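Each value in this text was obtained by applying a stated rule to the coordinates, not by laboratory testing. Since the structure is predicted, the reported quantities are computational estimates derived from the model, not experimental observations. Don't worry about glycine lacking a Cβ; one is built from the backbone with ideal geometry, like all the others, and counts go over all protein chains shown.
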Amino acid sequence: MYVRDAKNREEVWLLDRIEEMGLDETAFRSRDYVVAIDEESHEKAGFGRIRIHKRDEESVCELTSIGVLPEWRNQGVGAHVIERLVEYAGDEGFDTVYSLTNASEYLAQFGFERIDPARLPDSLRDRLDTKQENIQPDAVPLRVAIDRFEVPGHLRGRFKQASAGEPEEPEPEEGPEDFGIDPDEATYKYDTGD
């Protein structure tokens with residue numbers, strides 16, 4: 001399993017998954033995303049986005065639209081997507097990253113802390129209002145200093161062993177009993193009497 005930059009050809013796949021998961025696609029640009037890929041099957045397992053907001057002379061970095069496909073959840077995929085996004089934020093010169101989400105407990109394990117909306121930079125305060133009105137009514141603001149971000153060891157181990165969930169059992173074939181027919185007693189229109 002590894003995390004890489006999204007490719008332009010993955011735009012439709014990303015938009016479909018974002019819609020399926022009810023995530024934020026505001027100002028969508030595929031080049032802002034990273035994608036987690038299984039090394040063996042080459043299946044996409046998760047994704048996330050870094051979004052930079054510039055207002056006047058202030059720039060802030062937000063992590064948003066983070067999603068993991070159901071069959072890949074609870075295996076550290078989301079943790080590594082977030083880790084890559086935080087690395088990119090650091091590469092862009094940011095000391096702090098923000099997230100406006102309803103998954104505050106999940107992000108807390110990496111060092112994210114909830115903050116008062118009044119302490120958000122102006123561009124994110126407006127964005128929080130919009131997000132709460134349109135996408136996630138229970139979204140709250142979080143932030144973490146890049147040098148305090150950490151992926152717990154148990155998530156690192158899971159990521160190394162990640163695999164798609166077990167395929168669903170095929171449904172059993174239906175028989176006459178499923179329709180209330182006793183096959184030993186029933187006669188059929190074309191019964192030859194053998």
Estimated inter-spin distance, residue 13 and residue 29, nm [label 7 Å along Cα→Cβ]: 2.2
Ranked packing of 11-17, 143-149, most packed first, by mean Cβ within 10 Å: 143-149, 11-17
Pair residue 92, residue 21: separation of 7 Å Cα→Cβ label points (nm): 1.8
For peptides 33-40, 21-28, sequence by mean Cβ density within 10 Å, most packed first: 33-40, 21-28
Residue exposure sequence - 30, 41, 59 - by fewest surrounding Cβ within 10 Å: 41, 59, 30
Dipole magnitude (debye, nearest 20) for region 1-70, charges at Cβ of Lys, Arg, Asp, Glu: 200
